[in-house]
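We did not get these values from a lab; they are worked out from the coordinates using the rules stated. These numbers come from a predicted model, not from an experiment. No Cβ is skipped: glycine too gets one built from the backbone with ideal geometry, and neighbour counts run over all protein chains shown.
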Amino acid sequence: MVMMITAPQRRLLVLLSTFFFIFSIFYCCSRLAALTVGPKTVEEPDPVPQVELLRADNPMSYGMYNRPTYDGIDLIRNLPSKYIPTTKNKRRLVVVGDIHGMLDPFEKLLKKIEFDPETDHLIAVGDMINKGPKSSEVIDRLMEIKASAVRGNHEDRVILAWRGLSSQQGVAAYLDTEDAAKQRGEAEDLKTARSLTEPQMTWLKKLPVIISAEPMALYFVHAGLVPGVPLPQQDAWAVMNMRTLRFPREEFRKKEIEKKRKQAEKQRQKELEKAQEAAQQVQAGSNQRRSIPEEAANLHAHIARGEPAEAKSANAASLTDEDVDLERTNPDRDIWLPIDGHEGERWTKLWNKEQKKLPGPDRRSVIYGHDAKMGYQEDSYTFGLDSGCVKGNALTALVVQANENGGWKHSTYQVTCKKGWW
C-alpha cells in the first residue's frame with residue numbers, strides 16, 4: 001500500500017527545507033565574516049638585541065705552535081728524590097746556565113765550586129751546544145758526571161737537523177752543500193749534528209723539556225713558562241724559545257680604540273667646517289645690521305680659536321671615555337702569547353706577579369737560561385742563568401743546598417769567559 005502525501009504535508013516539508021537552506025547560508029556567512037573581518041591579535045617577537053663584538057672580544061686561547069714533531073719528545077720529568085738536598089744527605093744541586101760548547105770555562109766553573117759527583121748533582125738548563133768550539137766535548141763531560149739537563153732551542157734544532165740528515169739515503173747526507181744548508185738556516189745545526197756521536201745524540205734526544213723538583217717547589221726549563229698554564233699543557237716550543245709575552249686581545253683593543261679616535265676626529269673636523277660656514281653666514285647677517293644670537297656668537301668664538309663647539313667636543317670626549325672604561329673592565333690580559341723576541345712584556349715579571357697571588361704552598365720557582373741579553377737575573381720566584389759566556393761575558397752556576405730550617409738556600413758562582421779564546 002502506497003502512502004500518499006497530502007497537500008498540507010507537502011507544503012510543510014517545503015517550508016522546513018527552505019528554512020534549513022536559509023539558515024545554513026546565514027550560518028556559513030557569519031562564520032566566514034568572523035574569520036576574515038574580526039580583529040586579529042598578532043604577537044610581535046621580542047626584538048633581538050644587537051651586540052657589536054669587537055675583534056678583541058672574540059674567543060682566544062693558548063694553543064700549540066706549528067713545530068715539526070717526532071716520536072719520543074719528553075715534556076716533563078721529575079728529578080729523582082735522591083738528588084734533592086737535605087741536611088741528612090748533605091747533597092748540593094748545581095744548576096749551570098747556557099754553556100754553548102765552552103768547555104774550558106765550564107771546567108773552570110766546576111773547579112771553582114769544588115764539584116764532587118759523589119755528593120753534587122748538576123743540572124744544565126739547555127743550550128749546551130752550538131756557537132762555541134767544543135759541543136761534543138761538553139756533552140761528553142756532562143754524560144761523564146751523570147748530569148741532568150733540559151732541552152734548549154739549540155739542542156732541539158740540532159736534533160731536527162739530525163733527523164733530516166738521517167732521512168737521507170747513502171752518502172746523500174754528506175753531499176748536501178753548506179750553501180744549501182746555509183740558505184735553510186741549518187748550517188751550524190748540521191755542523192754540530194755531524195760532530196756528535198750516536199750515544200751523544202741519543203742522550204740529547206732523551207732530554208726532557210721541563211724538569212720538576214716538586215719537593216722543592218722548583219722547575220728547571222731553558223727559556224720560560226707561561227703563567228697560569230699547567231705543566232702538561234705548556235707548549236714545548238714556548239718553553240724552549242720564549243723570552244716575553246704579548247697580549248693579542250689588549251693589542252686589538254688599542255687598535256680599535258685608536259680607530260674610533262681617528263673616526264671621531266674626522267667627524268669633529270667635518271663639524272668644524274660646518275660651524276665655520278654657519279659662522280660666516282652669521283657674520284654676513286651682522287653686516288646687514290641683524291643681531292647675532294648668543295649661541296652663534298659663542299660658536300664664532302670657538303671657530304676663532306680653532307676649536308669645535310663645546311657640545312660636539314663633549315660628545316666626542318664621552319666616546320673616548322667609554323672606550324677607556326671598556327678597556328679597563330675587559331679581561332684583555334687573560335690571553336698571553338709567548339714569543340722569542342723582546343717586544344713583549346718579560347714573562348718573569350708576570351710569573352712573579354702571578355705567584356704572589358697564590359697561597360704559599362702553591363707557589364713555584366723557575367730556574368732558566370736562554371736570555372743572554374738580560375744576563376744573570378734573580379727575582380722572588382725566577383732565576384735567569386744565561387750570562388753570555390759565548391759572547392765573552394760569564395758562565396754562571398746556582399748552587400742549592402738544604403738549610404737548618406728545613407728549606408733551601410742558594411749561592412751564585414761565576415767565571416769570566418773570553419770571546420773567541422778558542
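See the values below:
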item	result
Order by protection proxy (mean Cβ within 10 Å, highest first), peptides 262-270, 394-402, 139-147	394-402, 139-147, 262-270
Per-residue Cβ neighbour rank within 10 angstrom, fewest leading, D120, D74, D104, D386	D74, D104, D120, D386
Distant-in-sequence amide H partners of T382 (H built 1.01 Å from N, under 5 Å)	V366
